[in-house]
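To keep things clear, I will list the structure first and then write my remarks on it.
Computed from the coordinates by the stated procedures, all read-outs in this text should not be read as laboratory data. None of these values were measured; they are calculated from a predicted model. Here the Cβ is made from the backbone with ideal geometry for all residues, glycine too, and neighbour counts use every protein chain on show.
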Amino acid sequence: MAHVVLKDLVKTYGGFKAVNDVSLTVNDGEFVALVGPSGCGKTTTLNLVAGLVPITSGDIVIGDRVVNDLDPKDRDIAMVFQNYALYPQKSVYKNLAFPLQMRKLPRDEIDKKVKEAARVLDMTHLLERKPRELSGGQQQRVALGRALVRDPAVFLMDEPLSNLDAKLRVQMRSELKRFHQDLKATIIYVTHDQLEAVTMADRMAVMNGGYLQQYDSPAQVFAHPVNMFVASFIGSPAMSLIPLEASAANGDTVLTSAEGWSLKLSRLNARKVQRATTKKVVLGARHSTIKLHKSEVSSAIPAKAFTVEPTGDVTFVQAFLSGAIVNISVSPNIAVAPDEQIWLEFDQERMHLFDGETEMALKAD
Amino acid sequence: MSTIAETASRGQTRRRMRVDGWRWAGRIFLVFMLLYTALPMIWMLITSIKSGFAATQFPPQWWPDEPTLASYQKLLDPQNSVGQDFLRFFWNSLFVSTVTTILSVIVAVPAAYAFSRFSFPGRNFLFFAVLLRNMFPAVIFLVPLFILMRVLGLMNTHGSLILTYLTFGLPLAIWLLKGFYDNIPVQLEQAARIDGATRFQAFIMIVMPLSTPGIIATAIYSFIGAWNEYIYAYTFLSKNDQLTLPVGIQRFFSENTTDFPGLMAASFMMSVPVVVLFLILQRYFVRALTEGAVKH
Amino acid sequence: MAPPVRSDEQGHATVTIVTGKAEARRRLQPGRSGTLRKIWEHRADYAYVLPAIAVMLMVIAYPIYYTIELSFFKTPPGLQLRDKTFIGFDNYTAILTSQVFWKVTWNTLIWTLGSTFISFVLGFATALALHRDFIGRGVLRAILIIPWVISAVAASYIWKWIYHSDFGIIGAVLVGLGLADRPPNFIDNVSTVLPSLIVVNIWREFPFAMIMMMAGLQTVPDQLLRAAKVDGASAWQRFWHVTFPHLRNVSVVTMLLLAVANFNSFIIPWIMTGGGPSNASHIWITHIYELAFGRQRWGVASAYSVLLFLILMTLGYFYVRALSGNERNEGSA
Ligand SMILES: Nc1ncnc2c1ncn2[C@@H]1O[C@H](COP(=O)(O)OP(=O)(O)O)[C@@H](O)[C@H]1O
Ligand SMILES: [Mg+2]
């Protein structure tokens, strides 16, 4: 196992920067998720680490070697692809054996390792099949097996679960996590699904438009998103973002909506807003931090319920507020009807405030 | 209630009749096309088993009174001078076509792969330049190539033909194969490279086997093109022992044009190799066109 | 787009990175200019296309250059080209003012358009008729393709025999049915020769259109057809609104390929009639060939070739456009 360092990594296609100055360190044995919307440069970053595309500038270190100029085969990595990339003309056995053959292992050793991997992944009975004769989940296992037999320094995974159905995805998620714990493997895992990243990763690197936005543990990213993009990308349903205007009124700092209502800020939040260089402030609140009242309460803001989605455990209510959509979760025994008048109360402790111009989180110090 | 059902069922019969109408039109059309295609070939075969006398009767003998394989025996008899020539031409054609085919594949495969996978500057320009070759008739190149071949000392050699045939086979070959490579996920090669293969090994061990149908189609196309080519062979070759079949046949039947059974037998024999080859491998060809040319 | 945040402060291990080699490599790249650098970066890629390009250059670029040069010279017979004399555009004027030129151009037009259009329609119709599965479809398809595979030389002889003025089977059938007193002379008659040759050409070419269109038909999404059926579209409407638009690109490419092949065809007229009688079946290519290798007027033949070249470049423009249309579709698929 080994650590991985990306330093000032840049990849341009023509004039287009697919990866822009990305620097991050993956510690030995760490599970890091690269997460971000489609097209943000995750696959490109992973391919740079793998050596599948040449880097434009920057450096990559795996273990203690700078691997910038090394071929993929010499980087001691294994990779699992989104579409599995199983060799269609080879049987499962031969697919698993291929990386070992390429490393010129003796035949009996190959046989031993392939059988061992097949046993671990519970697919001994599939060894003679061709990939097209396997279900999606089985193909996925073979792809994983092909990475496993090698015992590489780093595992690279590019959306390995996104072609599976929802149920299988949840199951494989926990298996992968288990696999990471057992092997103490260094894993860089690419996904566009923030839930996968949050549930599996030790740390997650949130990317957007080729830039690294935030690199931290899921709990930290969730609790302290550095900007509006990260705030809205992580968490489901998405954090509600309401654009407001800051002003001072008889000693207090208040946020005023174009709709006319205003919200008095707590001391800490007021300090954040005062330090901002602009009056435009965006209020961010996660669904669970907004309290829904069915009758008027002081400090709660009037709104109209728009849709109501019961899921069983919780009921999600969407409301319009100041031109933004606000997600609220309520207990299922609170009956809310669409178009009903409701009042929303924001938790000052857990609300997020962003600079309306730079979109960065406002800080108190 | 009953009227609704009635109307509905009447609507249904009407629809079925209309569908049947199209289907019948299709069947009749196919029969017509079958006759158009097959009758000339059948008449060739029937003529080829007639004697010279039986072929020149009016009205024609629809089926020869005395069918005979004499024409074929003559063509295939190495003792006879006609047979000697014919077998020599046949061998020449086989040689030229086979070498052309092998070289086409060797040249087209890497080129098509590069056009599919790499994005080097000028890629599109080169690709279309290669395709544009298809646009130009043999005749445009004939005079200068005639001179070029003289300069290269390739006049009256099969080398001149092979070199020329390569170029007219290549554009379609490259186009077809590029379509194939476009459809092979690049991740397969990436996986192979990560599994320890070099770029070249990944190509040979993973990509090549998957593009076999395309390569076979390319090969058939080159072979048939070379086998049937006439105009360059007609211009570049003058020595009798070098001629390929299309030219050779013409040379030796223009002397006695009344030997129609012989001419038909020779036409038949000339067609057999390519038709057989094509029929055996046609599914690859259709697949290659679907994957290579059309789906593009 | 959100602004960049460089924020991996925690856990940024201090690893000294030796960048010497990478730096050196980057400095080696010649020229700061983008294109040169890109060419240099991709130098290995060119190795793959080099053989193809080399062969093409030798056998195409050189001949094209030479043809253009020769078209401005008067050439003595026998290809003693050292003795050629420069005469400017005289060859071109000679061509454009000659009677034969216009006759041959007209023939070429009829030949190309007639063959292309009818081959395409027959091929497309056959592909449609063969699209539905039935017993013996594979065999039928194979038989229909055979004329495309056999050599044009063989085809020419077969049809020459069929059209034969004394013993031809068509003449005999017409006489037998009482439609003619004596066998008509198809290819020795200025008014019937070109249509008769076009029939032969179509015989050889419709299978190509058929294969292309069959391949195209396989790519028409079943779902769309089913959706149209549910929407109440008749068979004809389904064809016209779903199938046909989907095949537009294939159709254009097929027709262009056919048009080019027909424009360039040589063997059938050359072997069956040699361009006769009285130029009635001469098309450009046979005419150029005769000028060059029959009458040894290389200069004039070259000038003809250059004109042909210009026409083909125009067609080529559309060909490339149709093909790149395909490329675009691929991108969005
Ligand atoms: N070979 C390439 N040529 C040009 N642009 C590319 C290439 N590969 C990726 N890109 C572009 O780079 C960006 C990032 O792509 P990618 O890394 O695949 O995104 P992700 O995996 O995050 O969805 C995209 O905008 C994509 O269009
Ligand atoms: Mg991706």
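Points worth noting:
- The range B:72-292, dipole about Cα centre (Lys/Arg Cβ +1, Asp/Glu Cβ -1), debye to the nearest 20: 480 debye
- Hits among lysines - C-alpha to C-alpha of A:Lys167 under 18 Å, sequence gap 8 or more where chains match: A:Lys177
- Partners of A:Lys304 within straight-line reach, counting aspartates and glutamates whose Cα lies under 15 Å from its Cα and excluding those fewer than 8 residues away in the same chain: A:Glu259, A:Glu296, A:Asp339, A:Glu340, A:Glu345.
- Using a simple spin-label model with pseudo-atoms 7 Å out from Cα toward Cβ, A:Thr358 and A:Tyr13 lie 3.2 nm apart.
- Taking max minus min of the alpha-carbon positions on each principal axis, the protein assembly as shown gives extents of 118, 88, 67 Å, largest first.
- Listed residues A:Gly63, A:Gly14, A:Gly235, most fluctuating in chain A (Gaussian network, C-alpha, under 10 Å): A:Gly14
- Label point distance in nm, C:Phe101-A:Thr199, each placed 7 Å from Cα along Cα→Cβ: 7.9 nm
- Filter on B:Lys178/B:Lys239; A:Lys11/A:Lys272; B:Lys50/C:Lys160 - keep pairs with C-alpha separation over 29 Å: B:Lys178/B:Lys239; A:Lys11/A:Lys272
- In a simple Cβ point-charge model (Lys, Arg +1; Asp, Glu -1; nothing else charged), the protein assembly as shown has a dipole of about 700 debye relative to its Cα centre.
- Cross-link partners for C:Lys74 among the lysines, with Cα-Cα distance under 19 Å and sequence neighbours closer than 8 places in the same chain left out: C:Lys84.
- Estimated at 0.36 nm per residue, the fully extended path between A:Arg271 and A:Ser38 surpasses their Cα-Cα distance by 80.2 nm.
- FRET E, pair C:Thr93, C:Tyr317, Förster distance 25 Å, beta-carbon r, rounded to 0.05: 0.40
- Measuring between their Cα centroids, the range A:139-193 and the range C:180-249 lie 52 Å from each other.
- Point-to-point label distance, C:Thr219-B:Gln84, nm (Cα→Cβ direction, 7 Å offset): 5.4 nm
- B:Arg283/A:Ala324 FRET efficiency (R0 56 Å; Cβ-Cβ; nearest 0.05): 0.40
- Given R0 = 45 Å, the distance between the Cβ atoms of A:Leu168 and B:Thr98 translates into a calculated FRET efficiency of 0.30.
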